[in-house]
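Structure first, then comments.
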Amino acid sequence: MDYIFSAEQAKKAENLGALLPEWLEEIYAQKWFKLFVPQDLDGLELGLAEALKIEERLAKMDGSLGWTVTLCAGAGWFVGFMEEQLRNEVFENPKVCLAGSGFVGGKAELVPNGYEITGEWTYASGATHATHFTANCEIYEKGKPIVSVNGAPIVKAFLLKRAEVEILDSWKYMGMVATGSHAFSAKGLKVPRARCFEIVPDQVKLENPIYRFPFLQFAEATLSANILGITQHLQSLINESFWYRHELKPFNQKKIEFFEEKAKKTAEQLNLFRSEFYSSVDQAESELSKSGFISESSLESLSRVCRTMTQFCRESNALLYPFAGLHAADPNSELNRVWRDFYTVSQHSLLTFPF
């Protein structure tokens, strides 16, 4: 079904500002929003490496497609931290899609039998078609914040229904347009205690080791898979554009050899990073499966390769981009759209630094 994720369709999705209906139908059919959801809830229940390869492939087809699946499937991973009644209620829907934000944008006041939530949360990828939203809130009681023993505010996550929130048309950035990563808000919303959950190891409710994968490295790896896929797409288009320019007005042999050397070295290094990336994920998953935890050295190794690979993608894309010519600056071209997607998604704060 890859044909429905063509460049022509991607342009339509960008114009729409959301994933196309036919894309969503294929996502539901393939259960991609349920990459990490248990099979008894009609999910795929994949390991991390398997899921990352799907996310990389989708991001290579289209950045917004890969990113939306990744973020919504990542929010679906929270199923492992939900009580049985809540997860059964939410994930029985074959078209369930959780959008959310890591931003602590709300306050949850303790009230009888639950919480009263008010807040605004940014960058909820998939907001245009989400059935639920996850929202991080500081916990309050009688108007005062509840703090931990070290004085830090207590923060918990809440699951909100689509009808309970207002979606704010706020995603106005140059790339990843079809992710529909809008903000959302709630005011005076009362929810039962069962809609609250904590994403910490001692709150895992399911046995599958995937839910014990540390959240930081889980997030870094899924974001990196997208950056890798988009980079592969972009560099392929740059290569095509260079040779098309050559057909119109031939470059001399020296210029051809210069480009070929740069493109070859870049491709080889990118493949090395990709191999190291998946090797680090495999090592972490193996340790988790055998002993129930991942060593600090393996977590550091995974974080390092995610960040250095992202840095290499930035540098190599900038190096090769000029060879595509002015066509690369045409906002209606596929190349420009993929370039805009890359330089939007690679701004993510988790992967800003190469260390």
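The values are calculated or read from the model by the stated rules, or taken from the named source; none is laboratory data. All values derive from a computational prediction rather than experimental measurement. Here Cβ is always computed from backbone atoms with ideal geometry, including for glycine, and neighbour counts include all displayed protein chains. Ligands, DNA and RNA are excluded from the accessible area calculation, which covers all protein heavy atoms including side chains. Shrake-Rupley method; radii C 1.70, N 1.55, O 1.52, S 1.80 Å.
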222 nm mean residue ellipticity, helices alone, for the chain (DSSP H n ≥ 4; -39,500 (n - 2.57); rounded to 500): -16000 deg cm²/dmol
Amide hydrogen neighbours beyond the local backbone of residue 124, cut-off 5 Å, H modeled: 182, 183
Can you give me the P(r) profile for region 177-301? Cα pairs, bins 10 angstrom wide beginning at 0, each as a whole percent. 9, 25, 23, 21, 13, 7, 2, 0
Members of 34/107; 31/290; 172/249; 34/172; 107/205; 60/187 lying beyond 31 Å, as alpha-carbon distances in this model show: 172/249; 60/187
Tabulate in residue order the Karplus-calculated ³J(HN,Hα) for region 117-130, using 6.51 cos²θ - 1.76 cosθ + 1.60 with θ = phi - 60°, rounded to whole Hz; enter x for Gly and Pro. 10, 9, x, 9, 10, 9, 6, 8, 4, x, 4, 5, 10, 5
Cα centroid of region 162-223 to Cα centroid of region 81-109, whole Å: 7 Å
Would you please give the residues with an amide H less than 5 Å from that of residue 97, counting only those at least 5 places away or on a separate chain, with H modeled from the backbone geometry? 131, 132
Running Debye on the chain with equal point scatterers at the Cα sites and no solvent, what base-10 log of I(q)/I(0) appears at q = 0.11, 0.12 Å⁻¹? -0.76, -0.90
Could you tell me the distance between the Cα centroids of region 26-41 and region 250-328, to the nearest Å? 29 Å
Could you tally the net charge around residue 9, taking each other residue with its Cβ under 9 Å from the Cβ of residue 9, Lys/Arg +1 and Asp/Glu -1? -1
Check which residues have an amide H placed less than 5 Å from residue 176's amide H, if you skip close sequence neighbours. 341
Got the relative contact order for region 96-135 handy, in percent, Cα pairs under 8 Å and 6 or more residues apart? 58 percent
How large is the dipole of region 17-118 about the Cα centre if only Lys and Arg carry +1 and Asp and Glu carry -1, each at its Cβ, rounded to the nearest 20 debye? 320 debye
So what is Rg over Rh here for region 187-251, counting just Cα atoms and using Kirkwood for Rh? 1.39
Give the carbon-plus-sulfur fraction of the accessible surface of the chain in %, rounded to a whole number; probe 1.4 Å, heavy atoms of protein chains only. 53 percent
Length-normalised contact order for region 1-151 - Cα pairs under 8 Å, 6+ apart - percent: 18 percent
For region 20-60, go through all pairs of different Cα atoms, get the mean of 1/r, take its inverse, and jot down that Kirkwood value in Å. 10.6 Å
Note the per residue figure in Å³ for the convex hull of the C-alpha positions in region 160-206. 144 Å³
Could you work out the relative contact order of the chain? I mean the mean sequence separation of Cα pairs under 8 Å and 6+ apart, divided by the number of residues, in percent. 18 percent
Semi-axes of region 45-92 from the Cα gyration tensor (sqrt of 5 times each eigenvalue, largest first, whole Å) come to 25, 11, 7
May I have the pair-distance distribution P(r) for region 237-334, computed from all Cα-Cα distances with 10 Å bins from 0 and rounded to whole percent? 14, 33, 24, 16, 11, 3, 0
Potential lengthening between residue 25 and residue 329 on full extension [0.36 nm per residue; Cα-Cα distance subtracted]: 106.2 nm
Can you pull the three principal axis extents for the Cα set of region 112-220, in Å, largest first? 43, 36, 25
Can you tell me the accessible area per residue over the chain, all protein chains present, probe 1.4 angstrom, in square angstrom? 47 Å²
